[in-house]
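For reference, the structure is listed below as structure tokens.
The values are calculated or read from the model by the stated rules, or taken from the named source; none is laboratory data. Model, not experiment: these values are computed from the prediction. Positions of Cβ are backbone-derived with ideal geometry, glycine not excepted, and every protein chain shown enters the neighbour counts.
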Amino acid sequence: MKKTMMMAAVMTMAALTAVSFTGCGSAARTMTAAKAAKPVNPAVSAKTAAVKPAPAATEAATEAATAAVAAVPTEAVTEAATEAPKAPAKAETTTAKKAAKETKTEPTESRDADFKWFTTGVYKVSVDGSELDTYYVFSDKQNGRVDTVSGIGIGFTYEQNRNGVIFHMGCDDDTTLLTITDASMNTFSGTMYGYNYTFTRVQDAEPASFVASAYVNAKAAEAQTCDDGQNPVMNFIGNYSNGRAMMCVSAKGKNEALVTVSWGSSAFQTTKWIMSGTVTQVGDTLVMNYQDCDCESFFFNEDGIMTQSVAEYTNGCGSITFSGNQADWADFEQGVADGQVFSYMMN
């Protein structure tokens, strides 16, 4: 019995051992396969793999990026940075500033062409404080003429600048400079020919139709008064001649006469006398005594262009006697007209 039980026990142990051994071999094979299938790195989730690349991949990407940067020349990188477009807002601001700068205008000094001392019109002339029978007639912006009560005149062209006026008397080759020293709305003063000239605008004169002698005579007629009657010189106003010289007589104020004499001594020289004085009437004879005579000579070239003027004297004395249609001039300074009779000329 004991022997039978021991045999059964031995067989049971053998069976268990066999089963145990078989189980262990299956488990060993399972572990060996699992170990062979298991990756070198620990398994991670797909999300983790996307965020944190494997060390080998990271190192490879870093080396590739480093090689790419090293392969690009420094100048290429600099040019790329320089050529990069600016932000649109900044570009618009720069354009606006540039446009504003181009639009801004700086104040400039007036050009010479903007200086207009004389305008179209008639200007009466005084020299060194003495009023002459000379008028400058400005027909337009470039042309004019000199007109006198005696009828002597000359045409001119002119230019104006900030310093004064350049006259071309008779031709473009002549240059006569008037340097402006003082100016107001209707009066200009300046130096010309070495004298002090004053030009006063004649408000009631029209350049196109202006004639100096007619204007002076008309103004003299207007000077008559009802109380004292007309100026007695009105009976003798007009032009007189002795054959070579011309005398122009006009009334001045209530009882004065203004006389201008122009005498051509040759084709190249003309002398002019300007005088005025109070008249005394005795019957039909009228005597003017004067003490303010200015005498000036003008010289011309063979083309008839005035080249020089010379003042002979100032404040000369003398008298003129009017009777009928004649005028007898007594020049106390030079005696130039002694014995000369001037006869009235029909206008």
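Picking from Thr278, Thr270, which residue would you name as being of a type in the set (Val, Ile, Thr), touching a residue at least 12 places away in the same chain (Cβ under 8 Å) and either within 20 Å of Gly129 (Cα to Cα) or not assigned by TED's automatic domain parsing to the domain that holds Val341 (or both)?
Going through Thr278, Thr270 in turn, just one is of a type in the set (Val, Ile, Thr), touching a residue at least 12 places away in the same chain (Cβ under 8 Å) and either within 20 Å of Gly129 (Cα to Cα) or not assigned by TED's automatic domain parsing to the domain that holds Val341 (or both): Thr278.
Do we have Ala251 as touching a residue at least 40 places away in the same chain (Cβ under 8 Å) and on the phi < 0 side of the Ramachandran plot here?
no
Do the conditions hold for Tyr195, that is, is it aromatic (Phe, Trp, Tyr), outside the structural domain of Asp173 (by TED's automatic domain parsing) and either in contact (Cβ under 8 Å) with a residue 24 or more places away in the chain or crowded, with 19+ Cβ neighbours inside 10 Å (or both)?
No.
Take the residues in the stretch 170-191 that are modelled with pLDDT of 90 or more, assigned to a strand (DSSP E or B) and surrounded by 18 or more Cβ atoms within 10 Å (Cβ to Cβ), then tell me which one is nearest to the chain's Cα centre (by Cα).
Ile180
From the list Asn325, Asn315, Asn235, exactly one residue is of a type in the set (S, T, N, Q), on the phi > 0 side of the Ramachandran plot and exposed (fewer than 14 other Cβ atoms within 10 Å of the Cβ). Which is it?
Just one listed residue meets the conditions, Asn315.
Does Ala214 qualify as being at pLDDT below 90 and under 20 Å from Tyr135 (Cβ atoms)?
yes
Only residues that are assigned to a loop (DSSP other than H, G, I, E, B) and over 19 Å from Gly324 (Cα atoms): list them for the stretch 233-271, please.
Arg244, Gly253, Lys254, Ala267, Phe268
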